[in-house]
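Asker: Sharing a structure with you now.
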Amino acid sequence: MKAKKENKVYEVDKMTKDRYVKFGYDIYDDEGRLIENAKNKTIAYAEYEELQKELERAKRVPNNAKVLKERCEELEAEKTGLQEQLDLANGKIAELEAESNMSEEE
């Protein structure tokens with residue numbers, strides 16, 4: 001295992017791993033995968049502030065799935081209304097064509 005902090009890397013074993021974690025080192029296995037984060041890690045205030053702003057923006061954006069579902073339902077209702085209007089118009093056209101055919105035969 002390896003303990004890493006900034007530009008320092010130390011080989012550690014199971015016995016010393018906890019001590020390095022307490023001192024702010026991250027622990028990685030031999031393949032380079034993170035095993036354990038340092039307990040007392042800190043981030044720069046500017047980075048924290050940027051993350052807070054990003055979180056606030058994310059909270060203001062509605063849940064996309066819910067919004068899309070509502071919009072689909074609105075469009076489906078609109079489609080149904082338009083289909084009814086189209087059916088009425090086609091019926092009226094058929095009536096007018098029938099009347100036109102009767103007057104031509106006379």
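The values are calculated or read from the model by the stated rules, or taken from the named source; none is laboratory data. No experiment lies behind these values; they were computed from the predicted model shown. Cβ coordinates were reconstructed from backbone atoms using ideal geometry, including for glycine residues, and neighbour counts include every protein chain displayed.
Asker: Taking only region 56-76 into account, find how many residues are loosely packed, with under 10 Cβ neighbours inside 10 Å, assigned to a helix (DSSP H, G or I) and aliphatic (A, V, I, L, M).
Answerer: 2
Asker: Next up: Mind listing just one residue for me: the one in region 4-23 that is closer than 14 Å to Lys41 by Cβ and assigned to a strand (DSSP E or B) and, of those, modelled with the highest pLDDT?
Answerer: Lys4
Asker: For region 32-54, state whether one or more residues are among the aliphatic types (A, V, I, L, M), more than 33 Å from the chain's Cα centre (by Cα) and surrounded by 10 or more Cβ atoms within 10 Å (Cβ to Cβ).
Answerer: Within region 32-54, none of the residues are among the aliphatic types (A, V, I, L, M), more than 33 Å from the chain's Cα centre (by Cα) and surrounded by 10 or more Cβ atoms within 10 Å (Cβ to Cβ).
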